[in-house]
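Here's a structure for you.
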C-alpha cells in the first residue's frame, strides 16, 4: 500500500538529511533523504549554497514515490517506522529525466 503525504519537518545540518513524515494508514513513518540524494535529484549537489527546503518541495512528488517504494521493500511484519533515502536509491531514469530538463549549459528549460 502506498504511503501518503505527511509533513515536511526540515533540514538537519548535523545529520545532513532533510526530514519529513509520511503516513501508512494511521501510522506515522519518519523519513529522511540525504543531502547527496536530494542534490542528485536537484542536479546541484556539487554547487555552492543551496536552498534545501525549496529543493525538497520542488522534488517532493519524486521523493515521496521513492520513500513509498523503499517502505514497501523494507517493511516487516512488526511494521517499519522509518525510511531513509540515499543517493544510491535515486534511479538512473530519474537522473536522466532531470538531465533532459536542462540545456547543454546546465540551465533549466
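No lab work stands behind these numbers, since they all come straight from the coordinates. Note that this is a predicted model, so its numbers are computed, not measured. Neighbour counts run over all protein chains shown; Cβ positions are idealised from the backbone, glycine included.
Starting from the Cα of residue 57, step 7 Å along the direction of its Cβ; do the same at residue 84; then give the gap between the two resulting points in nm.
Roughly 2.8 nm, to one decimal.
Roughly speaking, what is the stretch gain from residue 69 to residue 5, that is 0.36 nm per residue apart minus the C-alpha to C-alpha distance, in nm to one decimal? Before the final figure, lay out the partial values.
Working: separation 64, 0.36 × 64 = 23.04 nm, distance 1.35 nm.
Full extension from residue 69 to residue 5 adds 21.7 nm.
Counting other beta carbons within 10 Å of each Cβ, put 88, 19 in order, fewest first. Each step should come with its number before you reach the end.
Numbers: 88 10, 19 16.
Sorted ascending by nearby Cβ count, the order is 88, 19.
Kindly put 75, 68 in sequence by how many other C-beta atoms sit within 10 Å of each C-beta, fewest to most.
Details: 75 14, 68 19.
Taking fewest neighbouring Cβ atoms as first place, the list is 75, 68.
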